[in-house]
1. Can you give me the long-range amide H partners of Ile106? Hydrogens built in the peptide plane at 1.01 Å from N, cutoff under 5 Å, separation of 5 or more residues or another chain.
2. Quick one: compute a quarter of the convex hull surface over the Cα atoms of the range 36-190 and quote it in nm².
3. Kindly put Cys195, Cys285 in sequence by how many other C-beta atoms sit within 10 Å of each C-beta, fewest to most.
4. So for each of 180-186, 154-160 I average, over its residues, the number of other beta carbons within 10 Å; can you give me the resulting order with the highest mean first?
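Every read-out reported here was derived from the displayed coordinates using simple, explicitly stated rules and does not represent laboratory data. Quick caveat: nothing in here was measured; it's all calculated off a predicted structure. Note that we place each Cβ from the backbone using ideal geometry, even for glycine, and neighbour counts take in every protein chain shown.
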Amino acid sequence: MIEQYGWSDALRLAFEPHARAGYTPGRIIVQQRLENLVATDVGVLSARLSGRLRHEAREAGHPAAGDWVALSANAGAGTATLHAVLPRRTAFVRRAADSVQTLQVIAANIDVVFVVTSLNADLNPRRLERFLAAAWQSGARPVVVLTKADLSDQPEVQAAEIATLAAGCPVIIVSVRQGVGLGSLMEHITPGETCVLIGSSGVGKSTLVNALLGEERMATQDIRAADARGRHTTSHRQLILLPGGGLILDTPGIREVGLIDADAGLSTVFEDIERLAQDCRFRDCGHDTEPGCAVRGALDSGLLDAERWAHFQKLSRELAALGVTKDRMAQEVERRRLASLQRAYRSTKKDLLDPEG
């Protein structure tokens, strides 16, 4: 059974230490708060984390949809205990909403990231740039999917504008209502590969899944007419087998992706700005009032969009601030470690000098 979820010889090799320990392999197909549904060779089991793995998850993060895991199964009861997570090939991550330095894994072991946005009043190029930076950083192949093309008077024009900031990744126009673009979408879903749908609420991710399945399996809602924004319909992350042999992971809507460790992804999305900066007269150009600044020249001539430049600066500052914060946190951890060693040393020295206390 797990072969259809992407089990491979490479995974089998990586799993050997767990197999020797008597564990069974499985893949998380539904991620929920208290327990996960895991596909195994003995069926889909409801699994909870072992005490050790729960403790480790406080630092390393919890298992995510798409993760391959080692478990002990109670097939008769349909339950299991998760003991370990196999190393991830790829992962789409964002900064957790309640932390400046904690990673939240949205999807693990993915091959394609479909960045989904709808062609309505909520189309936001700046948000798309942020999503694309995280998508490129994931290690998977990003594809931009522009849904609800029937709501746009000029979908091709909008798609061309989006393509200019999509860093060379494919841009697909889709209208499920009109049956447009689904074939192009399927070309990016290869049997045995895993795709994930990333986007805000109401952009049509679950509608896409239903169209690809050929049945109404996922709950859907229309966008609000008042502000063109969507309502949450998908409440958990779910990995779904498609008729053609591929897998697609539907996720709850994400309004914002907090970037973390995404320098390479940012450079890919804003490659045009990176190239311009290389042509500046001075290597340490601040792109402000320096003579011979290629970035300022492109802004003045209209070659570089001012909003795009401002967003690049904002995201760069965000990542730089995270780096400083993590350095400070690492320094604080090291300070506490040294203080603990000093206390232990003083205590040991006191005992040696005064053995009777």
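1. Phe92, Val93, Arg94
2. Result: a mean projected hull area of 11.6 nm².
3. Ascending Cβ contact count within 10 Å gives the list Cys285, Cys195.
4. Output ranking for 180-186, 154-160: 180-186, 154-160.
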